[in-house]
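Report on the following structure.
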Amino acid sequence: MIFLITMYKYLHPHPLNVIIRMSTKSDVYFRRELLMLRLIGISFADNEKVSYRIYAFFCNVLLFGYPVIAFSDLFKHEFDIVADLLIYELATIMVCCEAFVVMWNRQKLKALFRKLECAPFTPNFERGGEVEESFLKDFSIVTGRQANICWGSVFSTVGMSIVATIIKRVRSSDYRDWEFTYGPLTVLDVTRSPYFEITWLYQITCVLVIGLTHCSVILIISEILGHASVQFKILQNNLSQVTENAHRIMTKKVRGVAGDEVDVSKVPWKYLQKSLNEAISYHLSILDVTSEVEKTINMLTLIIFLFSLAVTCFQVYHASILSAFNVRFLKCFTDSSSAIFPVFILCFWSHQVAHESEQVAKYAFQANFVGSDLRYQKGLNLIMVRGQRPVILKAGKFIEISLPTFVSIIRASYSAFMVLRSVNEK
């Protein structure tokens with residue numbers, strides 16, 4: 001709470017367009033994630049105040065310094081403790097790599113945000129009516145709930161850890177009963193006060209920064225992918241009304257009532273061509289931006305996949321040697337779920353992109369083209385042929401990001417768990 005209050009004075013006085021300096025609109029699509037990244041010391045603004053730069057440097061020291069301190073303390077304990085610490089160490093290294101890649105590609109990400117917040121990706125009443133605005137509004141609600149769940153899980157997890165460790169500290173004056181939730185740190189003499197409290201506060205603050213950074217990066221990637229899937233849905237709506245749009249251009253009227261029949265044989269080619277060219281241009285713009293998205297985030301997604309799988313492997317091994325009624329077994333299950341959940345989010349939204357891009361051909365076929373100019377029909381046929389090749393996003397350009405990939409990961413993890421369990425029982 002102190003951490004949030006400290007940053008409030010830096011966030012509150014600035015209007016949103018000053019914070020990200022990339023749009024003149026007040027309802028920026030990525031405002032939640034950008035504000036949270038700014039809160040933890042990663043700003044996309046070009047010119048920041050000296051006070052904020054000092055604060056960002058402090059946050060970066062916490063983020064990148066904690067893995068170094070934790071690693072120096074890694075091999076001072078027994079094997080079971082070292083194995084647990086190694087899991088936390090892998091998670092913190094993953095988040096540090098994510099933060100470094102985000103800061104390294106800051107300009108590319110900013111250009112991508114700017115592109116998604118400008119035409120032709122903004123709602124256009126002349127192109128698709130009020131449906132486009134409803135698509136984006138529904139998507140904003142979904143991503144808002146997703147952000148609340150992710151950030152809420154971080155605050156609730158850290159909060160419960162704070163309460164549990166404080167209770168143990170207050171109840172006992174014996175240092176052997178004191179506990180660090182995320183692994184022991186012996187940089188200071190934690191067997192007496194106030195060194196224990198200082199180290200405890202340092203660990204909690206670092207873990208909070210690390211958790212918020214990880215969630216913010218995941219949410220930014222998922223929202224970019226979700227935006228691409230929504231754009232394909234808007235394109236589908238446009239293709240289903242491309243004939244009606246040509247008729248509206250010809251008659252110079254405002255958009256008619258949905259379901260109005262149009263005799264396409266009476267619409268000249270020049271009007272059909274204009275409406276068709278707009279749809280094709282929009283389709284090509286979406287394909288270009290999805291290609292740019294893959295180039296920008298492929299290293300981020302690869303890091304998330306590799307480290308999440310590594311953490312899951314360690315958790316599967318730990319769970320296989322524990323009893324199902326052991327509290328540590330439940331902890332291994334929750335930790336492995338937390339590690340694999342970001343992979344699920346990325347696979348889900350990437351699968352949505354592939355699915356919606358493949359549906360473009362279906363909606364192009366549903367356009368009112370019977371009796372129209374042959375050139376118009378050939379143009380729709382080209383869209384259908386291109387739409388049959390879905391947009392497949394890959395992590396590191398070789399791991400397909402999709403729900404079947406996620407299912408295969410879950411199956412492999414479960415199979416490994418059952419094999420290890422059977423071996424340990426024998």
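The values are calculated or read from the model by the stated rules, or taken from the named source; none is laboratory data. The structure presented is a predicted model; accordingly, all values stated were derived computationally and were not measured. Cβ sites come from the backbone with ideal geometry, for glycine too, and all protein chains shown count toward neighbours. Only protein heavy atoms, including side chains, enter the accessible area calculation; ligands, DNA and RNA are left aside. Shrake-Rupley method; radii C 1.70, N 1.55, O 1.52, S 1.80 Å.
Summary table below
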| read-out | value |
| --- | --- |
| Test: residue in region 68-75 that is open to solvent by 70 Å² or more (accessible area, probe 1.4 Å), under 29 Å from residue 298 (Cβ atoms) and at pLDDT 90 or above | no |
| Those residues of region 301-318 which are out of contact with any strand residue (DSSP E or B) (no Cβ under 8 Å at 6 or more places or on another chain), farther than 15 Å from residue 333 by Cα and either open to solvent by less than 20 Å² (accessible area, probe 1.4 Å) or of a type in the set (Asp, Glu) (or both), in sequence order | none |
| Some residue of region 253-273 being among the hydrophobic types (A, V, I, L, M, F, W, C) and within 17 Å of residue 123 (Cα to Cα) | yes |
| Region 362-371, subset small (Gly, Ala, Ser) and crowded, with 21+ Cβ neighbours inside 10 Å, residue modelled with the lowest pLDDT | 367 |
| Residue 198, sole failed condition from (1) over 21 Å from residue 76 (Cα atoms); (2) free of Cβ contacts under 8 Å to residues at least 12 places away in the same chain; (3) open to solvent by 60 Å² or more (accessible area, probe 1.4 Å) | (1) |
| Subset of region 397-426 [within 19 Å of residue 226 (Cα to Cα) and in a loop (DSSP other than H, G, I, E, B)] | 401, 402 |
| Unmet criterion (only one of (1) over 24 Å from residue 292 (Cα atoms); (2) surrounded by fewer than 24 Cβ atoms within 10 Å (Cβ to Cβ)) for residue 210 | (2) |
| Some residue of region 278-297 being among the small types (Gly, Ala, Ser), assigned to a helix (DSSP H, G or I) and buried (at least 17 other Cβ atoms within 10 Å of the Cβ) | yes |
| From 191, 157, 122, residue being in contact with a helix residue (DSSP H, G or I) (Cβ under 6 Å, 6 or more places away or on another chain), surrounded by fewer than 18 Cβ atoms within 10 Å (Cβ to Cβ), at pLDDT below 90 and among the hydroxyl-bearing types (Ser, Thr, Tyr) | 191 |
| Tabulated pairs, region 129-146, first open to solvent by 50 Å² or more (accessible area, probe 1.4 Å), second part of a loop (DSSP other than H, G, I, E, B), C-beta under 7 angstrom, 6+ apart or interchain | 133/123 |
| Helices (runs of 4 or more DSSP H) completely within region 1-61 that count 3 or more residues being modelled with pLDDT of 50 or more, of a type in the set (A, V, I, L, M, F, W, C) and under 25 Å from residue 221 (Cβ atoms) | 31-39 |
| Search result, residues across region 372-396 that are touching a Lys or Arg at 6+ places or on another chain (Cβ under 9 Å) and either part of a loop (DSSP other than H, G, I, E, B) or of a type in the set (Asp, Glu) (or both) | none |
| Leading residue by the ranking (nearest to the chain's Cα centre (by Cα)) among those in region 406-426 that are within 19 Å of residue 394 (Cβ to Cβ) and in contact (Cβ under 8 Å) with a residue 12 or more places away in the chain | 406 |
| Some residue of region 391-413 being aliphatic (A, V, I, L, M), buried (at least 17 other Cβ atoms within 10 Å of the Cβ) and in contact with a strand residue (DSSP E or B) (Cβ under 6 Å, 6 or more places away or on another chain) | yes |
